[in-house]
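The values are calculated or read from the model by the stated rules, or taken from the named source; none is laboratory data. Note that the coordinates shown come from a computational prediction; the quantities given were computed from them, not determined experimentally. Here the Cβ positions follow ideal geometry from the backbone for every residue, glycine too, while neighbour counts run over all protein chains shown. Surface areas here come from the heavy atoms of the whole protein model, side chains and all, with no ligands, DNA or RNA. Shrake-Rupley method; radii C 1.70, N 1.55, O 1.52, S 1.80 Å.
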Amino acid sequence: MAKPKRKLTSVQKRARKKRREEFMTVFIHEKQKRVRHPPTIDGIDVDEFIMRNADPIWLHQNGLWEYLDQKDES
């Protein structure tokens, strides 16, 4: 007979939850790999956040001229 599964301790559960929040599983060359989630601000991508909230002066000072053109068109 197979050995019965044991329950995880609270420390193991916390570690598992932290891993799930920090990493995501993707398939690379037909194998599952864990990679870090891309960085986000308030749940949206960093580039999208900058496009929505940055003013033209800040974009120019930080060398993000490609976002200046997109902001003028919209």
Among residues of region 1-42, those that are in contact (Cβ under 8 Å) with a residue 12 or more places away in the chain and of a type in the set (Phe, Trp, Tyr), counted: 1
Is it the case that residue 1 is more than 23 Å from the chain's Cα centre (by Cα), of a type in the set (A, V, I, L, M, F, W, C) and open to solvent by 70 Å² or more (accessible area, probe 1.4 Å)? yes
Give just the number: which of (1) touching a Leu at 6+ places or on another chain (Cβ under 6 Å); (2) assigned to a loop (DSSP other than H, G, I, E, B); (3) among the hydrophobic types (A, V, I, L, M, F, W, C) does residue 68 not satisfy? (2)
Would you point out the residue of region 7-31, among those that are out of contact with any strand residue (DSSP E or B) (no Cβ under 7 Å at 6 or more places or on another chain) and of a type in the set (Asp, Glu), that is surrounded by the most Cβ atoms within 10 Å (Cβ to Cβ)? 21
Whether any residue in region 63-73 is surrounded by 10 or more Cβ atoms within 10 Å (Cβ to Cβ), among the hydroxyl-bearing types (Ser, Thr, Tyr) and either under 17 Å from the mean Cα position of the chain (by Cα) or modelled with pLDDT of 90 or more (or both) is what I want to check. no
Just need a number here: residues in region 32-44 that are modelled with pLDDT under 90 and open to solvent by 80 Å² or more (accessible area, probe 1.4 Å). 4
